[in-house]
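This report refers to the structure that appears directly beneath it.
The values are calculated or read from the model by the stated rules, or taken from the named source; none is laboratory data. All of these numbers come straight from a predicted model, not from anything done at the bench. Cβ placement follows ideal geometry from the backbone for every residue including glycine, while neighbour counts extend to all protein chains displayed. For the accessible areas, the whole protein counts, side chains as well, though only heavy atoms, and no ligand, DNA or RNA atoms are used. Shrake-Rupley method; radii C 1.70, N 1.55, O 1.52, S 1.80 Å.
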Amino acid sequence: MLSQRQTPTASMKIATYNINGINGRLPRLLEWLHESEPDVVCLQELKTSDATFPAEALREAGYHAAWRGQRAYNGVAILARHAEPVVTRRGLPGDVADPESRYLEAAVEGVLIACLYLPNGNPQPGPKFDYKLAWFERLITHAQGLLDSGAPVVLAGDFNVVPTDADIYATRSWLDDALLQPESRAAFARLLEQGWTDAVRRLHPTAPIYTYWDYKRNRWQRDAGLRIDHLLLSPSLAQRLKRAEVEKAVRGREGASDHAPVWIELR
DNA sequence: ATGCCAAGCATCGCTTGA
């Protein structure tokens with residue numbers, strides 16, 4: 001008789017969380033890992049160099065980690081509970097001169113996990129917005145290759161795109177923001193059209209769902225949020241999608257990141 | 001048009017984020 005762990009149909013919980021500074025929020029991160037018990041976690045905005053990544057504390061909490069840090073800004077990591085993530089890529093192809101730590105890819109228990117932190121792009125127009133759109137093109141090119149490989153893949157992370165008006169509260173405040181520009185939305189739509197499934201929207205087609213609430217202007221208290229953290233599934237994984245949730249309560253805690261964790265469960 | 005919050009890095013202000 002097979003054990004639960006060896007059964008290929010065993011469920012798998014995969015989360016993405018923009019932690020907004022991993023060292024400053026380490027106690028909150030460990031607390032969340034303990035209560036939520038995700039099998040795989042994609043973290044963004046580590047805001048720490050490779051040398052100061054808290055690998056030891058995470059290991060003690062039961063998580064193996066792969067990371068690509070950067071001093072003060074950006075930085076991404078993949079955590080895994082039962083196995084060491086096997087890193088397949090430490091950057092997005094297409095620009096070897098890109099110095100920003102925004103992409104990390106690893107295989108975990110038969111699933112290819114792509115952890116990404118897409119550039120914010122503000123102010124727009126301007127060089128930062130150009131960088132965002134160029135990064136998006138590189139992602140679209142690479143994502144097509146991942147689909148063509150036929151591997152089970154999750155693209156998880158902070159995409160810095162509000163896909164539609166249903167993914168933001170009723171407001172005009174963000175109309176000039178890079179997160180809502182037609183170019184940003186068109187790029188995200190083109191990515192989906194390759195054959196990816198937006199997991200949260202597949203299971204919650206119409207509900208207002210947000211993953212980020214600005215610290216300013218009482219936006220958390222007003223539930224004035226944006227949905228910008230996404231998990232996109234390749235076709236074989238989309239068939240295994242069982243649940244998809246935003247852990248909204250985590251955002252309301254003392255000293256929380258301005259993002260909430262988002263997770264999916266695969267059967 | 002401006003400040004509003006928060007973190008990091010470096011001082012008591014600047015940069016960046018979204």
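Alpha carbons only, please: Rg and Dmax for the stretch A:108-225, in angstrom.
15.2, 45
Hey, what number do you get for chain A at 222 nm if only DSSP H runs of n ≥ 4 count, each worth -39500 (n - 2.57), divided across all residues, to the nearest 500?
Working: 7 runs with 65 residues, N = 267.
Result for chain A: -7000 deg cm²/dmol, rounded to the nearest 500.
Whole-Hz Karplus ³J(HN,Hα) for the stretch A:121-130, in order, using 6.51 cos²θ - 1.76 cosθ + 1.60 and θ = phi - 60°, x for Gly and Pro?
Karplus values, whole Hz, x for Gly and Pro: x, 8, x, 10, x, x, x, 5, 5, 4.
Which ³J(HN,Hα) values in Hz, rounded to whole numbers, follow from the phi angles of the stretch A:79-84 under the Karplus curve 6.51 cos²θ - 1.76 cosθ + 1.60, where θ = phi - 60° and Gly and Pro get x?
Taking θ as phi minus 60°, the curve returns 9, 9, 7, 9, 8, 6 Hz for the stretch A:79-84.
Taking N as the number of residues in the stretch A:1-98, what is its alpha-carbon radius of gyration divided by 2.2 N^0.38 Å? Spell out each step's value before the answer.
Details: Rg = 14.6 Å, N = 98, 2.2 N^0.38 = 12.6 Å.
Here the Cα radius of gyration is 1.16 times the empirical estimate.
When the C-alpha atoms of the stretch A:168-264 are aligned to their principal axes, what extent does each axis show, in angstrom, from largest down?
41, 30, 21
Can you list the lysines whose alpha carbon is less than 27 Å from that of A:Lys242, not counting same-chain residues fewer than 8 positions off?
Of all the lysines, those that pass the test against A:Lys242 - Cα under 27 Å, at least 8 places apart if same chain - are A:Lys13.
For chain A, set up a Gaussian network in which alpha carbons nearer than 10 Å are linked by springs, and say which option among A:Leu226, A:Leu241, A:Leu26 fluctuates the most.
Highest fluctuation of the listed residues: A:Leu26.
Please report the antiparallel percentage of DSSP beta bridges with both residues in the stretch A:1-104, rounded to the nearest 5. Before the final figure, lay out each step's value.
On the way: 10 of 15 bridges.
Bridges in the stretch A:1-104 that DSSP calls antiparallel: roughly 65 percent.
What number do you get for chain A when its Cα radius of gyration is normalised by 2.2 N^0.38 Å, N = residues? Present the calculation step by step, with values, prior to reporting the outcome.
Numbers: Rg = 17.4 Å, N = 267, 2.2 N^0.38 = 18.4 Å.
Taking N as the residue count of chain A, the ratio is 0.94.
Hull surface divided by four, with the convex hull built on the Cα atoms of the stretch A:90-154: how many nm²? Present the calculation step by step, with values, prior to reporting the outcome.
Working: hull surface 18.0 nm².
Computed as one quarter of the Cα hull surface, the answer is 4.5 nm².
Would you mind getting the accessible area per residue of chain A, heavy atoms of the protein chains only, 1.4 Å probe, in Å²?
Details: 11880 Å² over 267 residues.
Ligands and nucleic acids excluded, the figure is 45 Å² per residue.
Please state the charge dipole magnitude for the stretch A:102-177, taken about the Cα centre, from unit charges on C-beta atoms (+1 on K and R, -1 on D and E), reported in debye and rounded to the nearest 20.
Working: 5 positive and 10 negative charges, 38 e Å.
So the dipole magnitude of the stretch A:102-177 works out to roughly 180 debye.
Of all accessible surface on the stretch A:12-266 at a 1.4 Å probe, what whole percent is carbon and sulfur?
On the way: 5420 of 10600 Å².
Answer for the stretch A:12-266 is 51 percent, counting heavy atoms of protein chains only.
Would you list which lysines come within 27 Å of A:Lys128, measuring only between C-alpha atoms, while excluding same-chain residues fewer than 8 positions from it?
Partners within reach: A:Lys47, A:Lys216.
Compute, for the stretch A:12-266, the length of the dipole vector about the Cα centre, with Cβ point charges of +1 (Lys, Arg) and -1 (Asp, Glu) only. Units Debye, rounded to 20. Intermediate results must be reported in sequence, preceding the final value.
Working: 30 positive and 33 negative charges, 74 e Å.
In total the dipole reaches around 360 debye.
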